[in-house]
1. Suppose R0 equals 51 Å. What FRET efficiency, 1/(1 + (r/R0)^6) with r the Cβ-Cβ distance, do B:Ile157 and A:Ser97 give to the nearest 0.05?
2. Check the straight Cα-Cα distances from A:Lys164 and name the aspartates and glutamates below 16 Å, setting aside those fewer than 8 residues away within the same chain.
3. Compute the helix-to-body angle for B:25-37: its Cα long axis versus the longest principal axis of chain B, expressed 0 to 90° and rounded to tens.
4. Could you pull out every residue, at least 5 positions away or on a different chain, whose amide H is within less than 5 Å of the one on A:Arg197? Hs are placed 1.01 Å off N in the peptide plane, and Pro or chain starts have none.
5. Any idea what diffusion coefficient chain A gets from Stokes-Einstein, in µm²/s, Kirkwood Rh on alpha carbon pairs, 25 °C, 0.890 mPa s?
6. To the nearest 10 degrees, how steeply does helix A:155-169 sit against the main Cα axis of chain A, on a 0 to 90 scale?
7. With a 1.4 Å probe, how much accessible area is buried between chains A and B, both sides summed, in Å² to the nearest hundred?
8. Rank A:Glu290, A:Glu296, B:Glu37 by accessible area, highest first, at a 1.4 Å probe radius?
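The values are calculated or read from the model by the stated rules, or taken from the named source; none is laboratory data. As the structure is a prediction and not an experimental result, all values here were calculated from the model. Quick reminder, even Gly has a Cβ in these numbers, built from the backbone with ideal geometry, and neighbours come from all protein chains shown. Please note that ligands, DNA and RNA were not included when accessible areas were found on the heavy atoms of the full protein model with its side chains. Shrake-Rupley method; radii C 1.70, N 1.55, O 1.52, S 1.80 Å.
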Amino acid sequence: MHRVAIVGVAQTKFAAEKIDQNYAELAYEVVDSLFNQLGIGHSDIDNIVTASSDFWDGRTISSMAVQDAVGAWLKSETKVSSDGTLAVLYGMMRILSGSFGTTLVLAHSKSSEGNQTMLGNAVFDPIYQRQLGFDLVAAGAMQARAYLEKYNLTEADLAEVVVKNLGNATYNPNAQRAMSITVEDALKSNLVADPLRELDIAPNSDGACVLLLAREDLVSKFTDKPVWLTGVGHYQDNYYLGDRDLTTSKSLEKAAAKAYSMAGIINPRKELNVVELYDTFSHQELMWSELLGLAERGRGIDLIRSGVTKLGGELPVNPSGGVLGAHAMFVAGLVRVAEAALQLRGEAGAYQVEGASKALAHGTVGPCGQTHCVWILSNEK
Amino acid sequence: MSTPKEKPLYISIKTDLPYAYSAGRPLSRFLVALRDEAKILASRCNQCSYVLVPPRAFCTQCHKLTPELVEVGPRGTLETFSVINFPFIDPFTGLERPVPYGYGIIKLDGCDNLLPHFLDISDHTKLAIGQRVEAVFEEKENRTTALTDIKHFRVLI
Ligand SMILES: [Zn+2]
């Protein structure tokens, strides 16, 4: 089987409201930046996979807004209505099918253009859940309480995640929310849906991200610093919230096991150098770390307390600040992959993890993490 | 010619797209039983015995059809909860729901899965995971053939 590598990435700065750009302009900014970076043009792209949501964008096929911007005329463009990590999977599969040599993968989203609470409510089933007014934040809060109670953790433990990630975000010029604060400060932020406070919840962001995938025989045409996709796992759990144990995620455990096995990773805690997680809420960094096998169940907090996952620690988690620093729906997972790739290319600037050669990037979608996609990336083939 | 000083415009569109979603047969029976009899029905799998609320046409555990409906609840155990402090526009009424209000996830007696629903938070001190709760139904004349015909769950003393 052919190997596939990421040969270039670009992302926008993330902000609460990017009124200066419509969807096409947002997409064009990153595609143009990528093309300039690689010295290529529209004719070098074989096919395009995008990620966005019809409901979020308020049009029947959301990718139509960006098709010209990604250079999709007289080419094959297709979309996943899900997180960007799944667009990478789809893009890789299109190369592995033998039909294409390169895939441009783009995700775009603007939370400023719709009502996020109502859109979050529309995620739920119209017949038996929407009437209750659930949205993603309310669901996340109930997961947080169940998780904290099960493992005897406190809101102060969640605040430690906030302090680490918002602190990391101060080094990331693309982050929307960056703060140098203490646990006490974090515990003073507004209680939104208890036990979650404003700073425990990812901000709503506008932005876009793009990357270019290439088949191994074409890689050298684009870059001398390819980042290889060496493992991937994608699983989902039941849709209905009441059908799942919210304190765990079997789909994430399975996705991790699959990705590790494909990449030949036996001890992720020792073998990985950097991790970028999709944590919409502070408690999810702890939960996802545990389910990825980086800590015992309920002991994800020890990774933070002992400094293992801080910037400069043994295994930095979310050195970019993660999703608590910027959260453009469906884009945020692709940004995790892009950030992991930047780390492996030594291009992560002030939050570079020295000598990183193996990275994990994680994406999720659906209330409380229904669907998970785990990627292992390496700068060695 | 435009200058960088010109402020970009927003083009506002309020999309009102009506849909009528089929509830399917098991869920229709569930909603009618809530409305007419204040009973909570669940599907029970003949193959693996798994009981699901609201009822489904097929089992989420073994993928077999589940023609049998059984009555569950109205009491249960609180698995988790949250007190919501942010305003929410009710998509069905267009009105902003007063805050704070409670959500709970409840394991109804006789059920294998969980039911997320409103939680009465008037006695805040009694909210705890593991607390016994009970469904409170809307007055019969106020029922609308919806899951909200259960008004909320209240804590049992
Ligand atoms: Zn069954």
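1. It comes to 0.20.
2. Filter leaves A:Glu155, A:Glu184, A:Asp185, A:Glu198, A:Asp200, A:Glu276, A:Asp279, A:Glu285, A:Asp302, A:Glu314.
3. The two axes meet at around 80 degrees.
4. For A:Arg197, whose amide H was placed from the backbone, the distant partners under 5 Å are A:Val192.
5. It diffuses with D of about 120 µm²/s by this estimate.
6. 30 degrees
7. Chains A and B together bury roughly 3300 Å² of accessible area.
8. Sorted by accessible area, descending: A:Glu296, B:Glu37, A:Glu290.
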